[in-house]
Amino acid sequence: MAIVIEPISPVAFSIFGLDIRWYALAYIAAFVIGYLFIRFMTKGDKAEITLSKKQVDDLLTALILGVILGGRIGYVLFYNLEFFIANPLEIFALWHGGMSFHGGLVGVIIATFLFARKEKLNAWKILDLLSLIAPVGLFFGRIANFINMEVMGRPTDSAFGVMFNGYSAVARHPSPLYEAATEGVLLFIIMMLLYKFTSLKKKPGALAGVLGMGYAVFRIICEHFRAPDVQVGFLTSWGLTMGQLLSGVMFVAGLGIFIYAIKKKVK
């Protein structure tokens, strides 16, 4: 028996005629919590890396640009290139949706290295710090996906099937909630336990590598329940999705970074 849910408006509230959407609030919440977390983790003598308030402000600005530009470019290139070639102005229409996590991740990495180079800091230590809070942003993003009825799962007759009243013709896996639970909550717990109870934080880049591998594994698993993007479909006859392909590459990259961090001598 499917769970029937009343749809939630994608607009959280309006101010002077301007619609504030849940997706925008998810990004804002992630960045605010991330900012406070970084401020807390970079103060004091015991911090793995210390940053001034101005440096944290500048880092946050760089990360916002990295997420937005990387996420959008990644979506354009990997998920709907033909459409955007025919409609180039739509690339800038962010309010129509379309962001790629993998593209956003590349944007964050580039932004972090540029910031670190400018401030003469260890970029890997900053990425390790970001890896601890990244699952929180993933959690909020997936909850917003569910509210917007986006990237929903494949049809199912299981007890976990969800139907949005008046919108759904068949019950589907609530895959955004699966991803919120795994890529968000579970990955956050894993990262914090590794930070607290292992020596990985003493190996710059190791935690970032673990995040890459952990996200990739959870995303590949959840893709088995998530419906592929309509414009992309399955990449192979046996059901490989674009998300799984990109996550496979991400796992290999994360493993490489982890091995490099473990073997590298800390100066």
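Here are the numbers for this structure:
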{"read-out": "Condition check for Gly254: more than 30 Å from Gly153 (Cβ to Cβ), touching a helix residue (DSSP H, G or I) at 6+ places or on another chain (Cβ under 6 Å) and of a type outside the set (S, T, N, Q)", "value": "no"}
{"read-out": "Residues (more than 20 Å from Leu127 (Cβ to Cβ), in a loop (DSSP other than H, G, I, E, B) and aliphatic (A, V, I, L, M)) located in segment 24-57", "value": "none"}
{"read-out": "Gly233, sole failed condition from (1) surrounded by fewer than 16 Cβ atoms within 10 Å (Cβ to Cβ); (2) in a helix (DSSP H, G or I); (3) not acidic (Asp, Glu)", "value": "(2)"}
{"read-out": "Members of segment 25-49 found to be at negative phi and free of Cβ contacts under 8 Å to residues at least 12 places away in the same chain, listed by number", "value": "Ile28, Val32, Leu36, Phe40, Lys43, Asp45, Lys46, Ala47"}
{"read-out": "Close pairs (7 angstrom Cβ cut-off, 6 or more residues apart or separate chains): in contact (Cβ under 8 Å) with a residue 60 or more places away in the chain in segment 7-22, loosely packed, with under 11 Cβ neighbours inside 10 Å and of a type in the set (S, T, N, Q) anywhere", "value": "Pro7/Asn165"}
{"read-out": "Some residue of segment 178-186 being on the phi < 0 side of the Ramachandran plot and either touching a His at 6+ places or on another chain (Cβ under 9 Å) or loosely packed, with under 13 Cβ neighbours inside 10 Å (or both)", "value": "no"}
{"read-out": "Filter result for Ser158 (under 30 Å from Phe37 (Cα atoms) and of a type in the set (S, T, N, Q))", "value": "no"}
{"read-out": "Sole residue being modelled with pLDDT of 95 or more and either in a helix (DSSP H, G or I) or out of contact with any helix residue (DSSP H, G or I) (no Cβ under 6 Å at 6 or more places or on another chain) (or both), chosen from Gly214, Gly243, Gly239", "value": "Gly214"}
{"read-out": "Residue ID - farthest from Leu138 (Cα to Cα), chosen from residues in segment 20-48 that are at pLDDT below 90 and surrounded by fewer than 17 Cβ atoms within 10 Å (Cβ to Cβ)", "value": "Asp45"}
{"read-out": "Tally, over segment 133-163, of residues that are in contact with a strand residue (DSSP E or B) (Cβ under 7 Å, 6 or more places away or on another chain), over 22 Å from Ala29 (Cα atoms) and either surrounded by fewer than 19 Cβ atoms within 10 Å (Cβ to Cβ) or at pLDDT below 90 (or both)", "value": "5"}
{"read-out": "Residue in segment 239-249 that is buried (at least 20 other Cβ atoms within 10 Å of the Cβ) and among the small types (Gly, Ala, Ser) present", "value": "yes"}
{"read-out": "Among the candidates Phe84, Phe78, residue that is part of a helix (DSSP H, G or I), surrounded by 15 or more Cβ atoms within 10 Å (Cβ to Cβ), of a type in the set (Phe, Trp, Tyr) and touching a Ser or Thr at 6+ places or on another chain (Cβ under 9 Å)", "value": "Phe78"}
{"read-out": "Residue within segment 103-118 that is of a type in the set (A, V, I, L, M, F, W, C), under 17 Å from the mean Cα position of the chain (by Cα) and closer than 22 Å to Ile221 by Cα present", "value": "yes"}
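This table checks each residue for (1) more than 30 Å from Met152 (Cα to Cα); (2) of a type outside the set (Asp, Glu); (3) touching a residue at least 12 places away in the same chain (Cβ under 8 Å).
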site	(1), (2), (3)
Thr182	no, yes, yes
Leu186	no, yes, yes
Met192	no, yes, yes
Lys196	yes, yes, no
Lys201	yes, yes, yes
Pro204	yes, yes, yes
Leu211	no, yes, yes
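The values are calculated or read from the model by the stated rules, or taken from the named source; none is laboratory data. This is a predicted model, so every value here is computed, not measured. For neighbour counting, all protein chains shown are included, and Cβ atoms are generated from backbone atoms with ideal geometry for every residue, glycine included.
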